Every structure is written in structure tokens, then in C-alpha cells.
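Presented below is the structure to which this report refers.
The values are calculated or read from the model by the stated rules, or taken from the named source; none is laboratory data. Note that the structure is a prediction, hence the values are computed from the model and not measured. Counting neighbours? That spans all protein chains shown, and the Cβs are built from the backbone with ideal geometry, glycine included. These accessible areas exclude ligands, DNA and RNA; they are computed on the full protein's heavy atoms, side chains included. Shrake-Rupley method; radii C 1.70, N 1.55, O 1.52, S 1.80 Å.
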Amino acid sequence: MATHADPNKPLDGEMTENTPEQAQHNTVEQDQPEILAQQPEESSADLATELAQAQDKVSQYYDQLLRAKAEMENIRRRAEDDVSKARKFGTESFAESLIPVRDSLEAALAQTEQSTDVWKEGVETTLRQLNKAFERNSLKEVAPQAGDKFDPHLHQAISAVPSEFEEGAVAQLLQKGYTISDRVLRPALVMVSAPK
């Protein structure tokens, strides 16, 4: 039985010459292990450099994080101290303003023989001192006049009475109210106008 031999395949014991394309292909295959051997060395050197740079950055960021954390802790402590001092000494200014008022009242009581006019003048002087103390500490009175619009944020209605004013207006002031820095300490007690 005859076999057909591949014309490109050399017969046993026959020497073959490589075509130029085959020779170039064989040379490339022989050179590749050297190229491949060089690439890992270069790649590992690049990776080592990148790793060192990344570790430096991580170290810097960690240092910055620790500093920021310490600064936040210091801010928190200072804020707590400020709040504590504000609670402890918040009334100090107001107390200093009231001391002269107390001194005046004690001086008035120490005078046993006074005329009513002198007594009244002393009380008026003391009241002026008290008003100045209120002003220095942003303490203001709330005293609506009859006919003013009722403000539920500043006034407290005790009852409604028939009056000449429109319904819901302040008919009569019973007791002054007070605010401190726009915060209500005590609402003004009022009677409001009811329909006749």
C-alpha cells in the first residue's frame, strides 16, 4: 500500500534547510526565554519602587490621621471646658450688675429716720440701677398696651373680657413679662378682648 508523504516533511535521515521565515521564527523562539527572564526582573523592580512609594504615602496619611484625631480630641476638650465655664460663670456679669442694687437697698434700710420723699427718691434711684443692670445683660420687659395684638410667644392670656378692642387683642396687662437675649423668661400675663 502506497503512502503519500507530506512534501514539506523531511524523510528519515534527510537534512532540511530552513526557509528564511522558519529560521527567523526559530531565532525568535530561542530569544524569548531571555526576554521573559528580563521582564520579571524589571517588573519586580518597578513593583518594588511603587510599593515603597505607596507605603510612604500610607505612612504620611496615617500620620495625618493621627494628628487630625489628636486635634479633634483637643477641640472636644476645649469645647467641654468652655461649656463648663459658661455654666459656672454665665451669671457672673449679671450678678456684678445686681450688687450695687443690693447695696442701695441695704443703705436705704439702714436709714431709720427718713421722710417719705427721701425714701421714695432712694427707691427710684435703686430702680434706675436695676434697670441699668437689666439693660447691660439684655434683659427686657414685655409690657403690651391695651389694644396691642396678642402674641402667644410673648403673652399668656389668663381670661377673655368684653372690651372696646377687636377680638383677641390685649384688653389689660396684669403682669409684665421678661425676655433675655430674645428668649422668654416669663410671658406677660394679660386679659384678651372677647366679643361683646
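Computed values, structure above
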| read-out | value |
| --- | --- |
| Residue-count net charge about Val192 - beta-carbon cut-off 12 Å; Lys, Arg +1, Asp, Glu -1 | -3 |
| Surface accessible to a 1.4 Å probe, per residue, for the residues of the range 85-196, Å² | 74 |
| Convex hull volume per residue for the range 49-95, taking Cα atoms only, in Å³ | 39 |
| Inter-centroid distance (Cα atoms) of the range 154-183 relative to the range 81-134, Å | 28 |
| Cα-based convex hull volume of the range 127-178 per residue, rounded to whole Å³ | 85 |
| Number of Lys pairs (Cα under 21 Å; 8 or more positions apart or on different chains) in the range 43-196 | 8 |
| Length released on extending from Leu105 to Lys132, taking residue separation times 0.36 nm less the Cα-Cα span | 8.2 nm |
